[in-house]
Amino acid sequence: MRIHFGIDKFMAGAAIAALSAFASIAHAQAAKPNVVILATGGTIAGAGASAINSATYAAAKVGVEKLIAGLPELANVANVRGEQVFQVASESLTNDNLLTLAKRVSALAKQADVDGIVITHGTDTVEETAYFLTLVERTNKPIVMVASMRPGTALSADGALNLYDAVAVAGSKDAMGKGVLLTMNDTIDSGRDVSKNVNIKTNAFSSQWGPLGMIVEGKSYWFRAPIKRHTMNSEFDIDTITSLPNVEIAMGYEGVAPTAIEALGKSGIKALVHGGPGNGSVADRIVPYLQKVRADGAIVIRSARVPDGFVLRNAEQPDDKYDWVVAHDLRPQKARILAMVALTKTSDTKELQRIFWEY
Ligand code: DAS
């Protein structure tokens, strides 16, 4: 009897210990935010032949489950699960890919059991996806883009810490309402302002108006907030967008021929972004070709190939007279994103110019 009682007592004790352990795990998990990682490919999912291959490697090789399994520290900051949306190098993403990703983000953001979303992405066009999502995602929940300049197989790879930082920011209430963000190299940038400015180094990304904050050992420190319209304050909503109009870019440079502009003008585009030198300058011989693009019904948007500053309306060109739109501080690739989104609502040039001032 005593032995039996003893065993019962032991089993009861073990059961209580197990239950309290389970309860504390459940409590700990309940205390941690739920973050979903949407993986699209890029170098952060890349693999090289050897550890010295920091720039020679294949992008988009490692699946999201392996990325998560390779970073057990993520469990310290959030309850994480992953979805593989695409597995591509970002230079190959299409408008349809953008719509698919944005619609998945929107659906997840509506779920009560999702506190934040991280998107792993290639570095080449992450600035475009980040801006697109900041324009069309109607949520205050953190949406954090993350990439890496080196594959995980390389010496001093940057992807693991970038991903850890992104999950920490996505689970932070402080990150709510700040638009789509990019965490790279300990820095938190606005998805609207950030661009890739170096094609190999780990400090490749920056914003001409400065970062929003920093992330150190899983804690975010904020110093600015965006003032341009975004997410909940946007007039655009991915749930109402089914396709994106065709908008292309033509660059301006010494000796430029009208060939590209003529061909694009005949291709059925809804808008042409001109990336001119200086303050968005247009060569005299090119002006008539842009005027024809406008006369044929497409919108002409004057942007600049110069990375910083902003294009001044009616300065280098009589924009009022030509009925052109200026891209403000947006580089050509970002001006194209805003033009596509804006054209889902209007083709009125005064309305379009308002949108370029506000977003
Ligand atoms: N080709 C690049 C891309 O997928 C690799 C990278 O830097 O992520 O954007």
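Checking the structure you have, find out if any residue of the range 101-118 is within 16 Å of the ligand (Cβ to nearest atom), under 24 Å from residue 171 (Cβ atoms) and in contact with a Leu (Cβ under 9 Å, 6 or more places away or on another chain).
yes
Matching residues to (1) of a type in the set (A, V, I, L, M); (2) out of contact with any Phe, Trp or Tyr (no Cβ under 9 Å at 6 or more places or on another chain):
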| site | (1), (2) |
| --- | --- |
| 37 | yes, yes |
| 42 | no, yes |
| 45 | yes, yes |
| 48 | no, no |
| 74 | yes, no |
| 81 | no, yes |
| 93 | yes, no |
| 100 | no, no |
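Which of the following residues is more than 30 Å from residue 340 (Cβ to Cβ), within 16 Å of the ligand (Cβ to nearest atom) and in a loop (DSSP other than H, G, I, E, B): 60, 55?
Working: 60 fails: more than 30 Å from residue 340 (Cβ to Cβ).
Of the residues listed, the single one that is more than 30 Å from residue 340 (Cβ to Cβ), within 16 Å of the ligand (Cβ to nearest atom) and in a loop (DSSP other than H, G, I, E, B) is 55.
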Scan of the range 126-168 for residues that are closer than 16 Å to residue 38 by Cβ, more than 13 Å from the ligand (Cβ to nearest atom) and polar (S, T, N, Q), ordered by number = 134, 139
Would you say residue 70 is within 30 Å of residue 227 (Cβ to Cβ), away from the ligand (no atom under 16 Å from the Cβ) and either in contact (Cβ under 8 Å) with a residue 24 or more places away in the chain or among the aliphatic types (A, V, I, L, M) (or both)?
-> no
Here the residues within the range 73-94 that are within 13 Å of the ligand (Cβ to nearest atom), among the polar types (S, T, N, Q) and farther than 14 Å from residue 124 by Cα are 87
Among the residues of the range 262-276, is there at least one that is surrounded by fewer than 16 Cβ atoms within 10 Å (Cβ to Cβ) and assigned to a helix (DSSP H, G or I)?
-> yes
Tally time: how many residues in the range 225-242 are farther than 13 Å from residue 342 by Cα and over 17 Å from the mean Cα position of the chain (by Cα)?
-> 4
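Somewhere in the range 118-127, is a residue over 15 Å from the mean Cα position of the chain (by Cα) and not charged (D, E, K, R)? Spell out how you get there, then give the answer.
We begin by selecting, within the range 118-127, every residue over 15 Å from the mean Cα position of the chain (by Cα); these are none.
Within the range 118-127 (the criterion being over 15 Å from the mean Cα position of the chain (by Cα) and not charged (D, E, K, R)), the answer is no, since none of the residues qualifies.
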Counting only residues that are within 22 Å of the chain's Cα centre (by Cα), at pLDDT below 90 and surrounded by fewer than 17 Cβ atoms within 10 Å (Cβ to Cβ), how many does the range 56-87 have?
-> 1
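The values are calculated or read from the model by the stated rules, or taken from the named source; none is laboratory data. Since this is a predicted model, take the numbers as computed values, not measurements. Because the Cβ atoms are built from the backbone with ideal geometry, glycine has one as well, and the counts that use them run over all protein chains shown.
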